[in-house]
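Please read the structure below before turning to the comments.
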Amino acid sequence: MRSVAPTSLETLSIGELSRRTGVNIETIRYYERIKMLSAPPRTSSGRRVYGPAEIRSLTFIRRSRELGFTLDETRALLAISAEDGNNPCGEVRQIAARHLADIRAKIADLRAMARVLSDAVQRCDAGEMPGCPLIDTLSASAPLHLVARRSLDLSNRDA
């Protein structure tokens, strides 16, 4: 690791970097350990010092993670952003398109979950079954999307 004298106005401690980026200090250290962030230079006393490049990279990582990108996807996006290529958009688009498909699948799963839970709560409220419909639903061995479809089919038949 490089040793740097803390004379520059643009050097930040890890605490200040954390405050400016909204990323926990332990998370910053974790990103350094897994090589998402480069190892920072250190003062002669061993204190880490950071600058604008680290602020940008850490903000990029935080925003990517907030948007649900995995660490591997974020690492790939960082690598693409660091390249001086003329047209990185195609590679970024592929990563984003895969991520969008994953998000849409999760939304479909959440909608199915909402239908199943709504049906179970309605059956609880109606008192139409002995035992607990919610416990029965959670105990079902069928995948959630099939349970949701079966619930929807039953409610449509009763209507």
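Computed from the coordinates by the stated procedures, all read-outs in this text should not be read as laboratory data. Predicted model only: the values in this text are computed from it and were never measured. FYI the Cβ positions are ideal-geometry reconstructions off the backbone, even for glycines, and counts take in every protein chain you see.
Here is how the numbers come out for the structure above:
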{"item": "Cβ-based net charge around I14, under 9 Å, with every Lys or Arg adding one and every Asp or Glu removing one", "result": "+2"}
{"item": "Cα-centre dipole for the stretch 1-83 with unit charges at Cβ (Lys and Arg positive, Asp and Glu negative), debye to 20", "result": "240 debye"}
{"item": "Simple label model, 7 Å out from Cα along Cβ direction - I25 to A126, nm", "result": "5.7 nm"}
{"item": "Two-site label geometry, E10 and L78: point separation in nm, points 7 Å out along Cα→Cβ", "result": "2.0 nm"}
{"item": "Distant-in-sequence amide H partners of L12 (H built 1.01 Å from N, under 5 Å)", "result": "Y50, G51"}
{"item": "Kirkwood Rh in Å, taken over all unlike Cα pairs in the stretch 91-143", "result": "13.2 Å"}
{"item": "Binned Cα-Cα distance frequencies in the stretch 1-83 - 5 Å width, integer %", "result": "3, 15, 26, 25, 17, 9, 4, 1"}
{"item": "Backbone N within the stretch 49-79 under 12 Å of label point (7 Å from E32 Cα along the Cβ vector)", "result": "49-51"}
{"item": "Sites R62 and L117, calculated FRET efficiency, Cβ-Cβ separation with R0 35 Å, nearest 0.05", "result": "0.65"}
{"item": "Integer Hz, Karplus 6.51/-1.76/1.60 couplings in order for the stretch 58-72, x for Gly and Pro", "result": "5, 5, 4, 4, 4, 5, 4, 5, 4, 7, x, 5, 6, 4, 5"}
{"item": "Calculated from backbone phi, Karplus (6.51, -1.76, 1.60) coupling profile of the stretch 114-124 in Hz, x at Gly/Pro", "result": "4, 5, 4, 5, 4, 4, 5, 5, 4, 5, 5"}
